[in-house]
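What follows is one structure encoded as structure tokens, with my remarks underneath.
Every number here is computed from the coordinates shown, using simple stated rules; none is lab data. Just so you know, these numbers come straight off a predicted model, no measurement behind them. Neighbour counts are summed over all protein chains in view; Cβ atoms, including those assigned to glycine, are modelled from backbone coordinates with ideal geometry.
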């Protein structure tokens, strides 16, 4: 397996620190300048550390402020115990205080570095933090305030374990600002709902991502993209979920998330654009799309064409050529996955009960049974609420009742 060279964070990772800076670090680090207007007089950098990396003991004549944005790390002042750092923590470093900061042994770590009093601020670099001193500091570190807030949440063991795999900056912040809501949502969404079953871990991520797109929720989309990439799903699959949503939620909503998708992939070191995945030409999109429609919905497609008024035939052809020909024939997701994601989007949109019923039939044809569809509905319940969930269940009961399994 290739060595990891980037990790999920909200700011650019930047290039590896040049030798003039790297000589004062143990391990590999990266630097990304975030401000360019020197007239503002507030230099701001994003500093990223690979696991175990830390800088030397040093001090600043003008002081410094650290704002932790991703991962887990440590800060220590000379003569004091180290302090664990997690996203949301802020470190105010007084002038001339000798200190060091860096990543945990098992985690990447990023913080913003704000240079105070830049006109007169000078760094004094001292000796490295050797392995023995680093290990002792980590072992005796005080827990992060953010971690203390999260640990105080009355989460079940199952919820805590599942939430950790889907962790994001938003969930960490929620534990600080709204701990009661964080506990209620966390236990329900990441324990009770997951116990229903019906979905693989991959499907659980993908249907929630599809719902996030339909809901237009940037925080949930960011969380699910991070969870997908951490779980080993390919960038192509992540991108294809968003492309697949276009004919169902509309390009206006998809366009609002394209920039976020691109930023999240680039920060993981993914080069854009990704390799093309289209499989049909303009000349064959209608034929191929119609064939795919019929494979999922059978004679119902022929009846729609036969009974459609003449002025609605362009819409029927658009469904075949555009919705199915342009999008459903693409590589990156198979027919079973696409039907499950379509079902998740329609349920999340609300007011689409007729289409939900049709795609329940399409799901069955593609290989998804009642258990899978009910698992998807329950997975989405915390995000879409009870009214839309109950509407989806009513559709499921009508088309695929329990006694018909």
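How would 16, 339 line up from fewest to most surrounding beta-carbon atoms within 10 angstrom? If you can, show how the numbers build up before the last one.
Details: 16 15, 339 24.
Starting with the residue having the fewest Cβ neighbours, the order is 16, 339.
Can you order the peptides 215-223, 267-275, 201-209, 308-316 by their average number of other Cβ atoms within 10 Å per residue, highest first?
Numbers: 215-223: 18.2, 267-275: 12.8, 201-209: 22.2, 308-316: 10.8.
Final packing ranking: 201-209, 215-223, 267-275, 308-316.
What ranking, highest mean first, results for peptides 291-299, 34-42 when packing means the other Cβ atoms within 10 Å averaged over each residue?
Working: 291-299: 16.3, 34-42: 9.9.
With the highest mean Cβ count within 10 Å placed first, the list reads 291-299, 34-42.
Quick one: grab the alpha carbon gyration tensor of region 254-405, order the square roots of its eigenvalues as a ≥ b ≥ c, and give me rounded if a/c is under 1.5, else prolate or oblate depending on whether a/b is larger than b/c.
Working: a/c = 1.84, a/b = 1.07, b/c = 1.72.
Note, shape of region 254-405 comes out oblate.
Could you grab the Rg to Rh ratio for region 195-240? Cα atoms only, Kirkwood for Rh.
Working: Rg = 10.3 Å, Rh = 10.7 Å.
Rg divided by Rh gives 0.96.
To the nearest 500 deg cm²/dmol, what mean residue ellipticity at 222 nm is calculated for the chain from DSSP H runs of n ≥ 4 alone, each contributing -39,500 (n - 2.57), summed and divided by the residues? Could the numbers behind the result be given before it?
Numbers: 17 runs with 192 residues, N = 405.
Per the formula, -14500 deg cm²/dmol.
Rounded, prolate or oblate: which one fits region 236-323, using the alpha carbon gyration tensor with axes a ≥ b ≥ c (rounded when a/c is under 1.5, else prolate when a/b beats b/c, else oblate)?
Note, shape of region 236-323 comes out prolate.
So how compact is the chain: Cα radius of gyration and Dmax in angstrom?
When restricted to Cα atoms, the chain yields Rg and Dmax of 25.5, 84 Å.
With N set to the number of residues, divide the alpha-carbon radius of gyration of region 153-192 by 2.2 N^0.38 Å and report two decimals.
Working: Rg = 8.9 Å, N = 40, 2.2 N^0.38 = 8.9 Å.
Compactness ratio reported: 0.99.
Starting from the Cα gyration tensor of region 15-147, take the square roots of the eigenvalues, sort them a ≥ b ≥ c, and report rounded, prolate or oblate (rounded when a/c is under 1.5, otherwise prolate if a/b is larger than b/c, else oblate).
Details: a/c = 1.43, a/b = 1.40, b/c = 1.03.
Here region 15-147 falls in the rounded category.
Counting every Cα pair in region 155-243, what percent are over 17 Å apart?
Details: 1924 of 3916 pairs.
That tail contains 49 percent of the Cα-Cα pairs.
Relative to the first principal axis of the alpha-carbon coordinates of the chain, what is the inclination of helix 218-230, with its axis defined by its Cα atoms, in degrees from 0 to 90 and to the nearest 10?
80
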